[in-house]
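The values are calculated or read from the model by the stated rules, or taken from the named source; none is laboratory data. Computed from a predicted model, the values in this text were never measured in an experiment. Every residue, glycine as well, gets a Cβ built from its backbone with ideal geometry; the counts of neighbours run over all protein chains shown.
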Amino acid sequence: MRLRFRIGPFTFGKGGTRLSIWGGGSGVSVPLSKKKGKAFGKIGVGPVSAYFGGSKSNKESERLRDTEPRIPSSQTLAPIEAFAADQDFHRKLRGYGVPWRGVQERLKQELPESLSNRDEEAYKLVPIAMNTVFGEQERAWRTIKRPSKSGKGKTTWVLVISEDA
């Protein structure tokens, strides 16, 4: 038996801190910290739940651990829900893909105008939203580098790679 305690939408326990928002059988649970590679997320609608995340050891996943949202829960949930419902955007991700910044801007549309660091928070939400909607990175979706439009450097693109996602 694991000891956990809740304060509002936050759950604290041996597995780390989680943001868990549930109501009427639906909701989302997102890790806000990672301890011993056991962080995972859960999204559920009615009796159906899906888990995402897991432990990875590559440098990209280490960098993405630092992209966890640091804004209040109600502000985090709205962008992820809107992103999950945007089927036109999903088709683009399944096709040629979308630049990371494009996914970031889609999430940013749902963040409050009053939030002083909307760009930063939207950037941090990209992997969480992708994991929530499509599944684990490198299994359901991935990033690739493509030449930038300006011809200088590379741009990070996000693509859905799983047929099941």
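When residue 146 is tested against (1) out of contact with any Ser or Thr (no Cβ under 6 Å at 6 or more places or on another chain); (2) at pLDDT 90 or above, just one condition goes unmet, and that condition is (1).
Quick check: is even one residue across region 92-101 touching a residue at least 24 places away in the same chain (Cβ under 8 Å), touching a helix residue (DSSP H, G or I) at 6+ places or on another chain (Cβ under 6 Å), of a type in the set (Val, Ile, Thr) and part of a strand (DSSP E or B)? Yes, the conditions are met somewhere in region 92-101. Exactly one residue out of 142, 106, 91 is under 21 Å from residue 28 (Cα atoms) and basic (Lys, Arg): that is 106. For region 63-80, a tally of residues being in contact with a strand residue (DSSP E or B) (Cβ under 8 Å, 6 or more places away or on another chain) and either of a type in the set (D, E, K, R) or at pLDDT 90 or above (or both) returns 1. The condition of being basic (Lys, Arg) and crowded, with 18+ Cβ neighbours inside 10 Å holds for only one of 154, 124, 145, 149, that being 124.
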